[in-house]
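Everything below concerns the one structure shown next.
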Amino acid sequence: IEESWGSERVLTLVERARAARVTLVQDGTLRSYRALTQGHIYFFVDPEVGQRALIRVDQVAVELRWQAPDLVQQHMLGERSETRLPVRDFRYYVDRLTLVRHGLGNEIRVGAGMDVAGGPHPFAPLVEEGPGGEPYEFRLADSLSLRLPGRPEPLTLYELDVRPVDPTAPGIIGSVTVDQHSAQIVRMAFTFTPASYVDSRT
């Protein structure tokens, strides 16, 4: 169902997703939640000349508890690593091992802003109204219907491709999957534009 960039249908869904992202926490109906997640972190050497090589893989399991207005507890349930190449002084920021709450902030930051900073969230409130205020372009890329136990109606998900209007500015390139009914974010998969990286070594 791939559509052209900036179609009326996709822009309507983006507006709904922006409103849903703000409402989720601010309307007061969400009082608390508990989440469990597992993830993998891959570290590569990506030289200008030669082949890309995997240095290390970390697997983590994290439990998150949240209670309104903003009480957070994260507990690392388990972590294991496999090193493929010898490295010295291999340390990294704790936020790479934690669950990101509420679909990231309005500015996407990695490593407390020391690795990546300045990229606006694709569903952050616009700084200014109108086409000039929109930092991203969107395109409807795919859809999926899921039938879940105990739910009479299927769950319909839309995958939106996202790219910056200005590719030289900080931002993300990738996709965001949204629930068609609630317009809530279900999944994000993206990388960053070169201008997003604060540390040139990253």
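Here are a few things to note about the model shown:
- Close amide-amide hydrogen proximity is noted between Tyr136 and Val165, each under 5 Å apart and 5 or more residues distant or on a separate chain (H modeled in the peptide plane; Pro and chain starts excluded).
- Value at 222 nm in deg cm²/dmol, rounded to 500, when DSSP H runs of n ≥ 4 in the chain each add -39,500 (n - 2.57): -3000 deg cm²/dmol
- Met114 accessible area, 1.4 Å probe, all protein chains in place, Å² to nearest 10: 100 Å²
- Kirkwood-based Rg to Rh ratio, region 1-64, C-alpha trace: 1.20
- Annotation: peptides 43-54, 63-74, 178-189, ranked by per-residue average of other Cβ atoms within 10 Å with the highest first, follow the order 178-189, 63-74, 43-54.
- Phi to ³J(HN,Hα) by Karplus 6.51 cos²θ - 1.76 cosθ + 1.60 over region 5-18, Hz, x for Gly, Pro: 4, x, 5, 4, 5, 5, 5, 5, 5, 5, 4, 5, 5, 4
- All-pairs alpha carbon distance profile, the chain, 5 Å steps from 0, percent: 1, 6, 12, 15, 18, 17, 14, 9, 5, 2, 0
- Residue with peak Gaussian network fluctuation, the chain [Cα springs, cutoff 10 Å], from Phe123, Phe192, Phe90: Phe90
The values are calculated or read from the model by the stated rules, or taken from the named source; none is laboratory data. All values derive from a computational prediction rather than experimental measurement. Cβ sites come from the backbone with ideal geometry, for glycine too, and all protein chains shown count toward neighbours. Please note that ligands, DNA and RNA were not included when accessible areas were found on the heavy atoms of the full protein model with its side chains. Shrake-Rupley method; radii C 1.70, N 1.55, O 1.52, S 1.80 Å.
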